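The values are calculated or read from the model by the stated rules, or taken from the named source; none is laboratory data. Remember, predicted model here, so these are calculated numbers, not experimental data. We place every Cβ from the backbone using ideal geometry, glycine too, and count neighbours over all the protein chains shown.
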Amino acid sequence: MRLSAQAHVLKFRKCHSAQTQRMFLPLALVILTGLCCSILAAQDALILVGSGSSVPAPLYAKWAEQFNQRQAGTQLRYLPIGASEGIKQISHGSGDFGAGEVPLTAADRTEGNLIELPSVLIGVVPIYNLPGVHHELRFSGEVLAEIYLGEIKTWNNPALVKLNPDAELPDHAIKVIYRPAGKGTNYVFSEFLSKTSAKFRTRIGTSASPKWPVGDPAERSSDMADKVKEVTGAIGFVEQQYAVKNGIPYASVQNASGKFVKATPESIAAACRAVEAPSWDKFSASLSNAPGEKSFPITSFTWLYLRTASSDAKRASARAELLNWIYSDGEQIAEKEGYSQLPQELLAKVKTKAASLR
């Protein structure tokens, strides 16, 4: 078992730059330490290793905890190293799956022999720190774009006051917090802003690595939550569960129907249904700014990135076991953890596709 895990670590290191190796090595050591400690409990276990976005990391940690408790020969480990890095790793043959919110390119699918399958739905929410403001704030995509372009600089800007007439917004500088390159939330957030602001689309565009003109970076999703909590006047964007579990205020956002909608499992699922129905087979579809009055507009899949075929029959069988569990017990666990499950019509087709992988 230990040799198998070490082989995966060596593959990761060969594919990395020196900087990325420095980021990955502590995580690799954590995995190896954990594996060594679990040898007596699971002598014959096969370890499936995944890597990618920190957005679903709390869910993957919960999945690993529950999956690894079964009396079975397969165990799960997940490394939150960034969505783009997760794609790179799986495309280079490292690990068993990737995870993130960045859709695969045509080259990823053909040259890397990869496919993305939705795992759950997520909502990216604007979070803020404004002590004394007790009304829940509302944002439009255009106003968020102006803030992240550095054009709206204070909380009592007329555009914000117009959206929030009862909030008594202070004359306080807006302190922008953003994610650095290669992050899934960057992709989801910039895609929404590009769809709702021509200026943002022209200047920045949709990217996992946008060149943000203002603000300070937060490396991981948890760092984003911490920074916004610590800095008065801060604004950031993070997956909804990070806001909920950290007790951070998050805003309603104007959707394509002109309604201001709060991110909830129901409003996130509504966005998915609006895009996926009636065929329920657009696994790589964009869900941001979806139609429908109840749709939360900054919605996305978080995907599993998988190789379409494997030369290792034993690992392929273990991966199939994991996917079957994710799309059954795993979905129920996601719902209990506050995430929005895939709609049943979509889930049925994803399960069928997952079962076809070898």
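Thr154 meets each of the listed conditions (1) surrounded by 15 or more Cβ atoms within 10 Å (Cβ to Cβ); (2) modelled with pLDDT of 95 or more apart from (1).
Could you check segment 245-337 for helices (runs of 4 or more DSSP H) lying wholly inside it with 3 or more residues that are outside the structural domain of Glu116 (by TED's automatic domain parsing) and out of contact with any helix residue (DSSP H, G or I) (no Cβ under 8 Å at 6 or more places or on another chain)?
265-276
Within segment 258-270, the set of residues being crowded, with 21+ Cβ neighbours inside 10 Å and free of Cβ contacts under 8 Å to residues at least 60 places away in the same chain comprises Val261, Ala270. If I filter segment 102-113 for residues that are β-branched (Val, Ile, Thr), in a helix (DSSP H, G or I) and either touching a Ser or Thr at 6+ places or on another chain (Cβ under 9 Å) or assigned by TED's automatic domain parsing to the domain that holds Ile235 (or both), do I get at least one hit? There is no residue in segment 102-113 that is β-branched (Val, Ile, Thr), in a helix (DSSP H, G or I) and either touching a Ser or Thr at 6+ places or on another chain (Cβ under 9 Å) or assigned by TED's automatic domain parsing to the domain that holds Ile235 (or both).
Filter segment 342-357 for residues that are modelled with pLDDT under 95 and out of contact with any Leu (no Cβ under 7 Å at 6 or more places or on another chain) and give the result. Within segment 342-357, Ala355, Ser356 qualify.
Yes or no, residue by residue, for (1) assigned to a loop (DSSP other than H, G, I, E, B); (2) free of Cβ contacts under 8 Å to residues at least 60 places away in the same chain; (3) of a type outside the set (D, E, K, R):
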{"residue": "Ala167", "(1), (2), (3)": "yes, yes, yes"}
{"residue": "Tyr187", "(1), (2), (3)": "no, no, yes"}
{"residue": "Ser194", "(1), (2), (3)": "no, yes, yes"}
{"residue": "Trp212", "(1), (2), (3)": "yes, no, yes"}
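Condition check: in a loop (DSSP other than H, G, I, E, B), free of Cβ contacts under 8 Å to residues at least 40 places away in the same chain and not assigned by TED's automatic domain parsing to the domain that holds Gln341. Does Thr206 satisfy that? Here the answer is yes, as Thr206 does meet what is asked. Against the conditions (1) modelled with pLDDT under 95; (2) charged (D, E, K, R); (3) in contact with a strand residue (DSSP E or B) (Cβ under 8 Å, 6 or more places away or on another chain), Glu101 satisfies every one except (1).
One residue alone among Val238, Val244 is buried (at least 21 other Cβ atoms within 10 Å of the Cβ), within 30 Å of Gly150 (Cα to Cα) and either modelled with pLDDT under 95 or among the hydrophobic types (A, V, I, L, M, F, W, C) (or both), and that residue is Val238.
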